[in-house]
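Undergrad: Quick one: the structure is below, and I'll ask about it shortly.
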Amino acid sequence: MRLALVLFATTLAAQTPDSQLRWLPVTAPELTVEGLPWFAQNKGELHRLPLSLEKVVRPPVWNLAKSPSGGRIHFRTDSASIAIRLEYPSAPNMANMHAFGQTGVDLYADGVYIGTAVADKDAIPGKTYEKVYFSKMPRVERDITLYLSLYKPVKVLGVGVDAEAHLSHPKPYALARPVVFYGTSITQGGCASRSGMSYQAILGRMLNIDFVNQGYSGNGMGEPEMAKAVADIDASAYVLDFAQNNRTADELAKVYAPFLETLRAKHPDTPILAITPIYSSREAAGDKELQKMRDHIRQVISKAIAAGDRHLQLVEGTDLLGPAQGDGLVDGTHPNDLGFQDMATGLAARLRKFLL
């Protein structure tokens with residue numbers, strides 16, 4: 001059935017004339033925006049932090065927060081056609097992620113990948129991109145998820161459905177609240193081939209769970225203002241994976257336990273999974289710093305568990321992606337789709353046992 005859906009969409013994805021589509025703004029009540037906790041407060045801007053923190057967090061963090069990694073537009077519809085209109089502030093420009101991975105907006109129908117809208121080398125403010133994901137499909141209800149871009153701000157100017165389409169809210173998730181991830185560029189989605197292939201997106205489909213991505217490339221350092229921001233999100237669980245953006249284990253030691261304590265002060269019984277760094281190829285060349293970071297995280301978590309924290313779990317990053325899985329890395333540090341699939345599979349077993 002899923003293969004038939006993909007083949008049908010690929011065969012019939014002809015462009016549908018604008019006159020046959022009804023365009024909904026991203027703020028339309030028929031659409032559910034997920035993964036962006038402050039969406040309503042931000043007046044429709046697809047930012048990962050509230051506007052009130054623009055002058056509070058460091059400028060690089062705020063700039064990265066404007067890329068809506070983990071944000072999704074979710075709805076249920078019997079529309080025979082689905083399209084999107086987008087605007088990007090600039091062209092793709094990353095060396096280790098191509099345009100689909102950096103700027104792509106993926107559409108999944110009933111959990112099946114259909115297509116990606118993407119910026120090109122001429123992207124500038126005011127230039128509109130329109131993508132018809134499918135048209136002339138059988139009129140049956142489908143659960144539609146649009147995964148927003150991982151590493152580039154994007155404006156969603158409209159979601160197109162046919163004039164006769166019926167829209168409703170999607171089916172509920174297995175958990176009432178999202179799982180919140182805080183971490184580094186790996187958490188943000190580097191270097192997935194497209195937005196639906198970050199490990200959180202894969203995990204979300206595996207377990208039918210909502211999620212929030214608070215990964216900040218090169219800037220997931222565990223500073224106090226970010227600990228407070230993450231703690232402000234009401235979550236089913238928190239997943240912490242922010243070691244590598246600290247240059248040394250000594251720097252990590254200054255922030256790791258305080259970050260955990262900030263979460264616990266506000267959420268004493270919410271499950272927390274603490275991930276030690278995944279394997280990096282630089283370790284094969286003799287780098288010892290990641291091992292020191294792993295040791296420190298183990299010490300902090302062991303001490304908290306010994307003090308009575310029964311809702312805390314250590315996850316060894318090398319169990320998710322270790323030395324034998326080096327082909328799952330793009331540049332020696334960041335996972336590719338294979339690496340993210342391995343990470344999602346490993347975390348799924350732990351989250352399922354912890355939460356479901």
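Undergrad: Taking the condition more than 19 Å from ALA348 (Cα to Cα) and modelled with pLDDT under 95, does LYS171 pass?
TA: Yes: the conditions hold for LYS171.
Undergrad: Would you mind telling me which numbered condition in (1) modelled with pLDDT of 95 or more; (2) charged (D, E, K, R); (3) farther than 21 Å from VAL26 by Cα LYS136 fails?
TA: Among (1) modelled with pLDDT of 95 or more; (2) charged (D, E, K, R); (3) farther than 21 Å from VAL26 by Cα, LYS136 violates only (1).
Undergrad: Determine, yes or no, whether ALA192 is out of contact with any Pro (no Cβ under 6 Å at 6 or more places or on another chain), crowded, with 24+ Cβ neighbours inside 10 Å and of a type in the set (A, V, I, L, M). Step through it out loud before you land on a result.
TA: Values: out of contact with any Pro (no Cβ under 6 Å at 6 or more places or on another chain): yes; crowded, with 24+ Cβ neighbours inside 10 Å: yes; of a type in the set (A, V, I, L, M): yes.
Taking the combined requirement at face value, the residue satisfies it.
Undergrad: Would you kindly identify the helices (runs of 4 or more DSSP H) lying entirely within the range 191-279 that contain at least 3 residues that are closer than 23 Å to LEU53 by Cβ and of a type outside the set (Lys, Arg)?
TA: 224-231, 249-266
Undergrad: Going by what's in this entry, would ILE301 be described as assigned to a loop (DSSP other than H, G, I, E, B) and of a type in the set (Val, Ile, Thr)?
TA: No; evaluated as a whole, the condition is false for this residue.
Undergrad: Picking from ALA235, ALA249, ALA253, ALA229, which residue would you name as being in contact (Cβ under 8 Å) with a residue 60 or more places away in the chain and small (Gly, Ala, Ser)? Spell out how you get there, then give the answer.
TA: Working: ALA235 fails: in contact (Cβ under 8 Å) with a residue 60 or more places away in the chain; ALA249 fails: in contact (Cβ under 8 Å) with a residue 60 or more places away in the chain; ALA253 fails: in contact (Cβ under 8 Å) with a residue 60 or more places away in the chain.
Step by step, each of ALA235, ALA249, ALA253, ALA229 is checked, and only ALA229 is in contact (Cβ under 8 Å) with a residue 60 or more places away in the chain and small (Gly, Ala, Ser).
Undergrad: Within the set of pairs 6+ apart or on separate chains, which have a first residue in the range 106-119 that is more than 18 Å from LEU86 (Cβ to Cβ), a second that is of a type outside the set (Lys, Arg) and assigned to a strand (DSSP E or B), and C-beta atoms under 6 Å apart?
TA: Filtered contacts from the range 106-119: ALA109/ILE144; ASP110/ASP143.
Undergrad: Output the residues belonging to the range 217-245 that are closer than 17 Å to ALA274 by Cα and either polar (S, T, N, Q) or under 13 Å from the mean Cα position of the chain (by Cα) (or both).
TA: Residues satisfying the conditions are SER236, VAL239, GLN244, ASN245.
Undergrad: Being more than 18 Å from VAL180 (Cα to Cα) and either assigned by TED's automatic domain parsing to the domain that holds LEU150 or among the polar types (S, T, N, Q) (or both) is the filter; apply it to the range 300-356 and report the residue that is surrounded by the fewest Cβ atoms within 10 Å (Cβ to Cβ).
TA: Within the range 300-356, the match that is surrounded by the fewest Cβ atoms within 10 Å (Cβ to Cβ) is SER302.
Undergrad: Further, regarding this structure: Name the residue, out of TYR129, TYR88, TYR113, that is under 21 Å from PHE211 (Cα atoms), aromatic (Phe, Trp, Tyr) and either touching a Lys or Arg at 6+ places or on another chain (Cβ under 6 Å) or modelled with pLDDT of 95 or more (or both). Break it down into steps so the answer makes sense when it comes.
TA: Values: TYR129 fails: under 21 Å from PHE211 (Cα atoms); TYR88 fails: under 21 Å from PHE211 (Cα atoms).
Sole residue among the options that is under 21 Å from PHE211 (Cα atoms), aromatic (Phe, Trp, Tyr) and either touching a Lys or Arg at 6+ places or on another chain (Cβ under 6 Å) or modelled with pLDDT of 95 or more (or both): TYR113.
Undergrad: Restricting to the range 256-267, and then to whatever is in contact (Cβ under 8 Å) with a residue 40 or more places away in the chain and surrounded by fewer than 22 Cβ atoms within 10 Å (Cβ to Cβ), can you tell me which residue is nearest to ASP287 (Cα to Cα)?
TA: For the range 256-267, the residue satisfying everything is ALA257.
Undergrad: Something else now. Against the conditions (1) in a loop (DSSP other than H, G, I, E, B); (2) surrounded by fewer than 23 Cβ atoms within 10 Å (Cβ to Cβ); (3) of a type in the set (D, E, K, R), where does ARG76 fall short? Just the number, please.
TA: Unmet condition: (1).
Undergrad: Just to be sure before I move on: is SER198 farther than 26 Å from ASP295 by Cβ and touching a Pro at 6+ places or on another chain (Cβ under 7 Å) in the structure I sent?
TA: No: the conditions fail for SER198.
Undergrad: For the range 99-140, what are the residues that are polar (S, T, N, Q), outside any loop (DSSP other than H, G, I, E, B) and under 22 Å from ALA163 (Cβ atoms)?
TA: Once the filter is applied, which keeps residues that are polar (S, T, N, Q), outside any loop (DSSP other than H, G, I, E, B) and under 22 Å from ALA163 (Cβ atoms), the range 99-140 yields only THR128.
Undergrad: LYS136: of a type in the set (Lys, Arg) and within 24 Å of LEU36 (Cβ to Cβ), yes or no?
TA: no
The values are calculated or read from the model by the stated rules, or taken from the named source; none is laboratory data. Just so you know, these numbers come straight off a predicted model, no measurement behind them. So basically every Cβ, Gly included, is an ideal-geometry build from the backbone, and we count neighbours across all protein chains shown.
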